[in-house]
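Colleague: Can you read through this structure? Questions will come right after.
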Amino acid sequence: MKKIDHLIALWCTLFVLLTLLSPESGGQNPNSRFALLESMSTEHSFHIDRFTHWGDDWARTPGPAGHYYSNKAPGAAFWAFPIYKILHPLFGSSKIDETHPPSFAYKQLVTLLTQTIPYALISFFLLRALVLNFSLSLSATLWGTVALLFGNTAVIFAGTFFGHTLTAFFLLTALLFSFQKKFIAFGFFLGFALLSEYTMALVVPLFLLLPLFVETEKQQRLLALLKCALGGVIPGALWCWYHTLCFGYPWLTAGSFQNPIFLDVKHLDHNIAGLFSWWPIPWDIGAELLIGGRRGLLFTNPWILLLMVISLVLFIKLKRNNRHLLLMVITFGSTLLLLLMNMSFGGWHAGASAGPRYLCALFPLWAIVGALLYDKIVLFSTPLKISLWITLSVAVIVRGAILATTVLAPHEEWLWSWLYHNFILAKSSTPLVRFCLYLSLFTALFLYSKRSEKSGRHSSFQGFK
């Protein structure tokens, strides 16, 4: 077990290092969350009236006495507030005002401590738990590690305070605690996932199937649900406090008071708050999110599409291994629900960002599903195993190219074409240097891992079931 701990730790360290070597502010999206943090820290308030010039990501309540608020879910700000407050005397004070957001160094340090490092840590402990619980082979563990840390577009936001990587961290942490039957902690982190990203309201009900399945007796299941509810008290109370104070009722969110420039579908007859259009069904947008060149999974995370197909094929074959089946169903169902939501959203492309951003918080879960299915896929078909590695390699390269340039890719252009031109036509050699460094360090660790895999080919790690 020491060998596999060592390898996973090296990959997690490389993840943090490469994220630090590709620093990026992220533009106005993180600024909206930092505006809330600054207001909480200095104004002792949730409104961001003083900081609306930091970007367009705001919501405003009506009437002469209306206030401006962040149009983001508040969970990321609540999570980061203690660190932000502690560091404020060093980076804040007179350096931040109505026209000057927090410094780049301040934002990067807050992001590192509250998002990047936590994601790396939970990846380590979750991968280790998978090996102990499910006796993964070294090859399956390596595939899952690469997919979790380098092969999905959730992690391209690890160095910016967009919130998607943080939401993924909450979901992964909840998953780990479900394995350990620590349902109070499970409920806490699942609640924070919802508090950090409103769309998780579609995902949380499916996740609640985990404690229902882990326990076998009716009384134990009821107790597990009660513990989940107890764990959700703190994020639930924060939800009610914030939304009631800002918008009058706990069920009203910033989406009801969105900046008018983001009301993309208000002219359509069948719209919800000017943000969502549910009829006619926008199948063309669904196709763009799955296989399109601008935001599609096929060009950013192709291994996820492959796993979706494999999951459908193996659905019946896995009926005797219910834990594998349940996580696969939860992940597949959650992705489908978020896809339908994303299709109906007027700003489905997420503006200037690489990949299908509104789906990406779930992508690390697919890495876990892939790791669990890997050994069965190998037995089922060697070509499928090769396909998994090829499609994962595409995602790893795309991730490196995005981090070498910027996560703020325009939605009007094909992503690959845009990345190519940013390398070829760039006035600076920095993107190419970053990409080569990323690829070199990644390849070196990958070869080292494969060498360790060969030396331990006959080793297995048996754990509790």
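Colleague: Can you name the condition, by its number, that Phe247 falls short on among (1) over 25 Å from the mean Cα position of the chain (by Cα); (2) closer than 30 Å to Met328 by Cα; (3) open to solvent by less than 40 Å² (accessible area, probe 1.4 Å)?
Modeller: (2)
Colleague: Kindly establish whether Ile122 is open to solvent by 40 Å² or more (accessible area, probe 1.4 Å), under 25 Å from the mean Cα position of the chain (by Cα) and of a type in the set (Val, Ile, Thr).
Modeller: Numbers: open to solvent by 40 Å² or more (accessible area, probe 1.4 Å): no; under 25 Å from the mean Cα position of the chain (by Cα): yes; of a type in the set (Val, Ile, Thr): yes.
No, not satisfied.
Colleague: If I filter region 141-148 for residues that are under 25 Å from Phe213 (Cβ atoms), modelled with pLDDT of 95 or more and open to solvent by 10 Å² or more (accessible area, probe 1.4 Å), do I get at least one hit?
Modeller: no
Colleague: Scan region 213-228 residue by residue and report those that are of a type in the set (A, V, I, L, M, F, W, C) and open to solvent by less than 60 Å² (accessible area, probe 1.4 Å). Break it down stepwise before answering.
Modeller: Residues of region 213-228 of a type in the set (A, V, I, L, M, F, W, C): 213-214, 222-226, 228.
Within region 213-228, Val214, Ala224, Cys228 meet the criteria.
Colleague: Which of the residues spanning region 405-438 are in a helix (DSSP H, G or I), open to solvent by 60 Å² or more (accessible area, probe 1.4 Å) and either among the charged types (D, E, K, R) or under 30 Å from Met1 (Cβ atoms) (or both)? I'd like the intermediate steps shown before the answer.
Modeller: Pass one, region 405-438, residues in a helix (DSSP H, G or I): 415-424, 430-438.
Then drop every residue that is not open to solvent by 60 Å² or more (accessible area, probe 1.4 Å), which leaves 416, 420-421, 424, 430, 432-434, 436-437.
If the condition is that a residue be in a helix (DSSP H, G or I), open to solvent by 60 Å² or more (accessible area, probe 1.4 Å) and either among the charged types (D, E, K, R) or under 30 Å from Met1 (Cβ atoms) (or both), then Arg434 is the only one that fits.
Conditions tested, residue by residue: (1) in contact (Cβ under 8 Å) with a residue 24 or more places away in the chain; (2) in contact with a helix residue (DSSP H, G or I) (Cβ under 8 Å, 6 or more places away or on another chain); (3) over 30 Å from Ala371 (Cα atoms); (4) among the hydrophobic types (A, V, I, L, M, F, W, C).
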{"residue": "Tyr69", "(1), (2), (3), (4)": "yes, yes, yes, no"}
{"residue": "Lys72", "(1), (2), (3), (4)": "yes, yes, yes, no"}
{"residue": "His88", "(1), (2), (3), (4)": "yes, yes, yes, no"}
{"residue": "Gly92", "(1), (2), (3), (4)": "yes, yes, yes, no"}
{"residue": "Pro102", "(1), (2), (3), (4)": "yes, yes, yes, no"}
{"residue": "Tyr106", "(1), (2), (3), (4)": "no, yes, yes, no"}
{"residue": "Leu130", "(1), (2), (3), (4)": "yes, yes, no, yes"}
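Colleague: What do you reckon, is Ala59 open to solvent by less than 10 Å² (accessible area, probe 1.4 Å), closer than 20 Å to Phe192 by Cβ, touching a residue at least 40 places away in the same chain (Cβ under 8 Å) and not polar (S, T, N, Q)?
Modeller: No, not satisfied.
Colleague: Hey, does region 61-74 have a residue that's at pLDDT 95 or above, in a helix (DSSP H, G or I) and within 20 Å of Ile234 (Cβ to Cβ)?
Modeller: no
Colleague: From (1) surrounded by fewer than 24 Cβ atoms within 10 Å (Cβ to Cβ); (2) in contact (Cβ under 8 Å) with a residue 12 or more places away in the chain, pick out the condition that doesn't hold for Ala158.
Modeller: Of (1) surrounded by fewer than 24 Cβ atoms within 10 Å (Cβ to Cβ); (2) in contact (Cβ under 8 Å) with a residue 12 or more places away in the chain, only one is false for Ala158: (1).
Colleague: Here is a follow-up. Go through the residues of region 187-200 one by one and say whether even a single one is outside any helix (DSSP H, G or I), open to solvent by less than 40 Å² (accessible area, probe 1.4 Å) and over 23 Å from Val369 (Cβ atoms). So that I can check it myself, show each step before the final result.
Modeller: At the first step, the residues of region 187-200 found to be outside any helix (DSSP H, G or I) are 197.
Now restrict to residues that are open to solvent by less than 40 Å² (accessible area, probe 1.4 Å): 197.
This time we only want the ones that are over 23 Å from Val369 (Cβ atoms), so: none.
Among the residues of region 187-200, not one is outside any helix (DSSP H, G or I), open to solvent by less than 40 Å² (accessible area, probe 1.4 Å) and over 23 Å from Val369 (Cβ atoms), which makes the answer no.
Colleague: Restricting to region 8-38, count the residues that are buried (at least 21 other Cβ atoms within 10 Å of the Cβ) and part of a helix (DSSP H, G or I).
Modeller: Of the residues in that region, 16 qualify.
Colleague: Can you work out which of the residues in region 94-105 that are in a helix (DSSP H, G or I) and farther than 12 Å from Asn31 by Cβ is most open to solvent (accessible area, probe 1.4 Å)?
Modeller: Restricting attention to region 94-105, the residues satisfying the condition of being in a helix (DSSP H, G or I) are 94-95, 104-105.
Next cut, farther than 12 Å from Asn31 by Cβ only: 94-95, 105.
Values: Ser94: 106, Lys95: 133, Ala105: 56 Å².
If we take residues in region 94-105 being in a helix (DSSP H, G or I) and farther than 12 Å from Asn31 by Cβ, then Lys95 is most open to solvent (accessible area, probe 1.4 Å).
Colleague: Kindly evaluate Leu206 against the criterion of being aliphatic (A, V, I, L, M), open to solvent by 20 Å² or more (accessible area, probe 1.4 Å) and within 21 Å of the chain's Cα centre (by Cα).
Modeller: So Leu206 fits the description; yes.
Colleague: Using beta carbons and a limit of 8 Å, which pairs, at least six apart or on different chains, have the first residue in region 229-245 and part of a helix (DSSP H, G or I) and the second one at pLDDT 95 or above and open to solvent by 60 Å² or more (accessible area, probe 1.4 Å)?
Modeller: Qualifying pairs under 8 Å: Leu230/Ile184; Gly231/Ile184.
Colleague: Search region 358-404 for residues being β-branched (Val, Ile, Thr) and free of Cβ contacts under 8 Å to residues at least 60 places away in the same chain, and hand back the single one that is surrounded by the most Cβ atoms within 10 Å (Cβ to Cβ). Explain how you work it out, then say what you get.
Modeller: Let us first name the residues in region 358-404 that are β-branched (Val, Ile, Thr), namely 368-369, 377-378, 382, 386, 390-391, 394, 396-398, 402.
Retained after the next criterion (residues that are free of Cβ contacts under 8 Å to residues at least 60 places away in the same chain): 382, 386, 390, 397.
On the way: Thr382: 10, Ile386: 11, Ile390: 12, Ile397: 17.
Checked region 358-404; the qualifying residue surrounded by the most Cβ atoms within 10 Å (Cβ to Cβ) is Ile397.
Colleague: Among (1) open to solvent by less than 30 Å² (accessible area, probe 1.4 Å); (2) touching a Ser or Thr at 6+ places or on another chain (Cβ under 8 Å); (3) farther than 24 Å from Ala409 by Cα; (4) of a type in the set (A, V, I, L, M), where does Ile83 come up short?
Modeller: The one condition Ile83 does not meet is (1).
The values are calculated or read from the model by the stated rules, or taken from the named source; none is laboratory data. From a predicted model like this one, the values you see are computed outputs, not experimental measurements. As a convention, Cβ positions derive from the backbone with ideal geometry for all residues, glycine included, and neighbour counts pool all protein chains shown. For the accessible areas, the whole protein counts, side chains as well, though only heavy atoms, and no ligand, DNA or RNA atoms are used. Shrake-Rupley method; radii C 1.70, N 1.55, O 1.52, S 1.80 Å.
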